[in-house]
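Trainee: Got a structure for you, written out below as structure tokens; questions coming shortly.
The values are calculated or read from the model by the stated rules, or taken from the named source; none is laboratory data. What you are looking at is a predicted structure, and each value in this text was computed from that prediction instead of being measured. Ideal geometry is used to build each Cβ from the backbone, glycine not excepted, and the neighbour counts take in all protein chains shown. These accessible areas exclude ligands, DNA and RNA; they are computed on the full protein's heavy atoms, side chains included. Shrake-Rupley method; radii C 1.70, N 1.55, O 1.52, S 1.80 Å.
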Amino acid sequence: MNNRLIIRVVGYILLVEAGCLLPPLLVALVCGEIAWRSFALVAAACGLLGFLLSRAGKNRSALMQSRDGYVIVAAAWLALSLFGALPYVVSGAIPHYIDALFETVSGLTTTGASILTEIEHLPRSVLFWRAETQWIGGMGVLVMFLALMPRLGGDGAVHLMRAESPGPIKSKLTPKVGQTAKILYTIYLGLTAAETLALRIAGMSWFDAVTHAFTTLATGGFSVRNASIAAYHSAAVVWIVTVFTFLAGVNFALLYAAVLGRWRQVLRSHELRLYTALLLCAVALVAVDLHAQAGQSASQAATDAAFQVVTVMTTTGYSTCDFAQWPAFSRMVLAALMFIGGSAGSTAGGIKVSRLLIHLRSLRRELGRIVHPRHLSVITMDGEVVDESVVSGCHSFLAAYLLVLAAGALIVGLDDLGFQESFTASLTCISNVGPALGKLGPAANFSILSYLSKAALSLEMLMGRLELLPLLVLLNPATWRDR
């Protein structure tokens, strides 16, 4: 274990966070808010500590092993969360640290669950920081680090990208990982700018447009309005957010291929086909259910179904209505989509469509073996054979996912809110969706939970965003034993 390298990279990450605190500081100065002092103080603390840590082992060997990459990712996200909560506490926006930590982790992991009962009275700088945490976490802070910071020795960049990037199959867009990171952030920035402009044309203020673009492309769902997207009473806003949310749930490698004009590669993607098919089927089912069971008009049912299905499956979590009050069938559809999530290589959470596809094809293979025991078959995606280690990893991930989900539900169950709230609170946090059902639905928040539940769900959100392994590796005693 290269402890010096781990400390050094975490120091670099704190320097990145210090830089990210400057935009809300500028917003506070422009708006004449006293909160600028809080951001200045925390930025200075992050910068100083980051500088000191980044000097550790400066002249030592910087070779990174796979295990180091997982530990660095876990440690970096924990450090970001612990320091990212300080502006809320120091400014007085969220006085209790555990509450502030929950809000910060929810932001960085792009979950969107909140403990705030009143949002619009908060200083604009705090609201900007709240939205910015989701934008930072959406693409990944280590991806930002690889795009901005000096190259690591050996295969360090590969190890970091593999540990942080979502999905069972990791791929580079270019031979150099740093260049891949720059391409990903270029696409991310371009989509953010495009949505900002579209929302501004649709009638939002520049501040609202920027913050909602941040949280849409990150599939986070934090809004600067108490009523979320419903506050704007605009069909144009609803459909703009729906379209960009859908794009944010697509593998960014496919978006890059589309930019290059490689449409054959895009259209033959099995994951994209299944992702689109699941969304269309779910929208149709929910729309019919809302029309038949809830008595909504056909157009209203279609609009509500399209928006909520897309935002839930992509784990964005915006709302235009309280879907916790929808008919049971529609709620069951949404709960199933919370499990699945978006595509690998996107900013969405959940188990990912690619893993679902691998599980389905693995099941089909096992059923085939029962009928033809001697028949040999492989699992393929997009015309390429999926390595058996990837298939095994998907099965292991699902097992760990379900165990963590159950553990989180049991802890929240101590608050005695009911099975629906306990189970969906754990589900929405590990899948990084945002709102749950029942008393924790989109019209409510998570403030009624105990500090124990908030701390447990914060850890669960981090595990969900990092796809379990980095934090499990960090918590494994064997990790810290030198071989």
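Trainee: Please say if the range 201-295 is rounded, prolate or oblate, where rounded means a/c under 1.5 for a ≥ b ≥ c the square roots of the C-alpha gyration tensor eigenvalues, and otherwise the choice is prolate for a/b larger than b/c and oblate otherwise?
Mentor: Oblate, since a/c reaches 1.5 and b/c is not below a/b.
Trainee: Determine the shape class of the range 377-424: with a ≥ b ≥ c the square roots of the Cα gyration tensor eigenvalues, call it rounded for a/c under 1.5, and otherwise prolate if a/b is greater than b/c, oblate otherwise. The partial results should precede the final answer.
Mentor: On the way: a/c = 6.60, a/b = 3.55, b/c = 1.86.
Because a/c hits 1.5 or more and a/b exceeds b/c, the range 377-424 counts as prolate.
Trainee: Kindly provide the helix-only [θ] at 222 nm of the chain, computed as the sum of -39,500 (n - 2.57) over DSSP H runs of four or more divided by all residues, to the nearest 500 deg cm²/dmol? Provide the component values of the computation, followed by the final result.
Mentor: Details: 22 runs with 313 residues, N = 483.
Calculated from helices alone, the mean residue ellipticity at 222 nm is -21000 deg cm²/dmol.
Trainee: Given charges of +1 on the Cβ of Lys and Arg and -1 on the Cβ of Asp and Glu, with all other atoms neutral, how large is the dipole of the chain about its Cα centre, in debye to the nearest 20?
Mentor: Roughly 1660 debye, rounded to the nearest 20.
Trainee: Cα-based count: Lys pairs in the chain below 24 Å, eight or more positions apart or different chains?
Mentor: Numbers: LYS58/LYS176; LYS170/LYS182; LYS170/LYS352; LYS172/LYS182; LYS172/LYS352; LYS182/LYS352; LYS439/LYS454.
The result is 7.
Trainee: As a test of reading the structure, rank TYR188, TYR451 by solvent-accessible area (1.4 Å probe, protein chains only), most first.
Mentor: Values: TYR188 0, TYR451 110 Å².
Sorted descending by solvent-accessible area, the residues read TYR451, TYR188.
Trainee: For the chain, what's the relative contact order in percent, using C-alpha pairs closer than 8 Å and at least 6 residues apart? Could the numbers behind the result be given before it?
Mentor: Working: 816 pairs, mean separation 87.7, N = 483.
The normalised contact order for the chain reaches 18 percent.
Trainee: Give me the accessible area per residue for the chain, probe 1.4 Å, as a whole number in Å².
Mentor: 41
Trainee: Right, here's the next one. Carbon and sulfur together cover what percent of the accessible area of the chain at a 1.4 Å probe radius? Intermediate results must be reported in sequence, preceding the final value.
Mentor: Numbers: 12950 of 19960 Å².
Its accessible area is 65 percent carbon and sulfur atoms.
Trainee: Under 5 Å between amide hydrogens, which residues at least 5 positions from MET381 or on another chain qualify, with H placed 1.01 Å from N in the peptide plane?
Mentor: It is VAL386, by chain and number.
Trainee: Keeping all protein chains in the complex and leaving out DNA, RNA and ligands, what accessible area do you get for ASP99 with a 1.4 Å probe, in Å² to the nearest 10?
Mentor: 20
Trainee: Work out from phi, with θ = phi - 60° and the Karplus expression 6.51 cos²θ - 1.76 cosθ + 1.60, the ³J(HN,Hα) of each residue of the range 303-310, listed in order in whole Hz, and give x for Gly and Pro.
Mentor: Result, ordered by residue: 5, 4, 5, 4, 5, 6, 5, 5 Hz.
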